[in-house]
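Peer 1: Provided herewith is a single structure, encoded as structure tokens, for subsequent inquiry.
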Amino acid sequence: MTAYDPLHGPDDVTPEPATLDVEIAVTRRILDETVGLNIHSGRDMLQAAVALNARVRALLAAIEAERGGRQ
């Protein structure tokens with residue numbers, strides 16, 4: 001047992017990804033939205049970390065789906 005809640009647990013299900021083009025577009029949007037966040041703000045950095053973690057997971061799932069599964 002841990003003293004914290006993990007960002008993503010092993011039993012969490014990642015939703016089915018959109019097409020790779022859509023996932024890339026959404027990832028770019030999230031990067032644009034987080035670029036101006038204050039690096040000295042714990043709240044801002046937590047917001048960026050969670051948003052980017054979710055995007056990387058979705059983007060990787062779309063890449064794997066396009067390639068026909070995990071490589």
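Peer 1: May I ask you to compute the full-extension gain from ASP5 to ILE24, defined as 0.36 nm times their residue separation minus their alpha-carbon distance, rounded to one decimal in nm?
Peer 2: 4.0 nm
Peer 1: Next question. Which shape class, rounded, prolate or oblate, goes with the chain when its Cα gyration tensor gives a ≥ b ≥ c as root eigenvalues, a/c under 1.5 marks rounded, and past that a/b bigger than b/c marks prolate?
Peer 2: In terms of gyration-tensor shape, oblate.
Peer 1: So how tilted is helix 20-34 from the main axis of the chain? Cα-based, degrees 0 to 90, rounded to 10.
Peer 2: It is inclined by approximately 10 degrees.
Peer 1: Let me ask another. In nanometres, what is the gap between the two model label sites at ASP44 and GLU16, each 7 Å from Cα along Cα-to-Cβ?
Peer 2: 3.9
Peer 1: Quick one: compute the contact order of the chain, relative version, from alpha carbon pairs under 8 angstrom and 6+ residues apart, as a percent.
Peer 2: 42
Peer 1: In degrees from 0 to 90, rounded to the nearest 10, what is the angle of the helix 42-67 Cα long axis to the longest principal axis of the chain?
Peer 2: Rounded to the nearest ten degrees, it is 10.
We did not get these values from a lab; they are worked out from the coordinates using the rules stated. None of these values were measured; they are calculated from a predicted model. Here Cβ is always computed from backbone atoms with ideal geometry, including for glycine, and neighbour counts include all displayed protein chains.
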